[in-house]
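For reference, the structure is listed below as C-alpha cells.
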Amino acid sequence: MEKNIFEKIRDGEEPADIVFKNEYVTAFRDIYPDTPIHILIIPNKTIRSLDDIEEEDGIYMSNIMLSAKKIAKEQGLNNGYRLITNCGKNGHQVVPYLHFHLVGGEGEFPLGKMITLPKTSKQKFKLKFEI
Ligand code: 5GP
C-alpha cells in the first residue's frame, strides 16, 4: 500500500519544515497554517486516527503531549495555545494518519473560542440540555 503524505514526511521521503523529532514523534509546520504558529505532531508509528490507538500506544501519546509542551515553549507560545486532533469524517479529519495540531500565536489572527457554532445552534443546544 502506498504511503500517505505524513508517512513520507516521517520517513524523510517528502520535504517538511521539521521542528522536533525523537524516537516516538515527528513535528513539522502545517503547509497551510491557520494561525501564526501551526505545527502538526504525529506519532512515528502508523496510527490512522485517535479511534485507532491501542493500550500499547501510550508511549506515543505521552510523547505527543510532552513534545507539544516543549515545542510551544520553543515557539514562544507563552500566553497559551491549543492542541487539537480531528477524528474521522464528522471530525473533519483529512489526512488518515493521527496528528495533533498545535496552534497559537499573537497578533492579527488570535484563536477564537473552541467551537464556533452559529448563535442559534448554540441556543438550541443549551435549551436541549436545560430541560
Ligand atoms: P486534518 O484536517 O486532517 O486534521 O488536517 C490535515 C492538515 O495537514 C491540514 O491542516 C493541512 O494543511 C496539512 N497538510 C496537508 N498536506 C500537507 C503537506 O504535504 N505538508 C504539510 N506540512 N502539511 C500538510
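Any read-out appearing in this document is the output of simple, stated calculations on the displayed coordinates, not a laboratory observation. Note that the coordinates shown come from a computational prediction; the quantities given were computed from them, not determined experimentally. Cβ coordinates were reconstructed from backbone atoms using ideal geometry, including for glycine residues, and neighbour counts include every protein chain displayed.
In table form, for the structure just shown:
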quantity	calculated
Sequence-distant residues sharing a close amide H with residue 38 (under 5 Å, placed H)	30
Computed FRET value (nearest 0.05) for residue 74 with residue 52, which takes r as the C-beta separation and R₀ as 35 Å	0.75
Lys, Arg +1 and Asp, Glu -1 on Cβ, resulting dipole of the range 1-91 about Cα centre, debye, nearest 20	400 debye
The chain: Cα Rg divided by the 2.2 N^0.38 Å rule of thumb	1.18
Residue-wise HN-Hα coupling along the range 55-71, computed from phi with Karplus coefficients 6.51, -1.76, 1.60 (Hz; x: Gly, Pro)	3, 5, 8, x, 5, 5, 5, 5, 5, 5, 5, 5, 6, 4, 4, 5, 5
Signed unit charges on C-beta, dipole axis of the chain, positive-most listed residue 85, 67, 4	85
Contour minus Cα-Cα distance for residue 2 and residue 116 (0.36 nm per residue)	37.4 nm
Lysine-lysine proximity count for the chain, Cα under 23 Å, sequence distance 8 or more or distinct chains	22
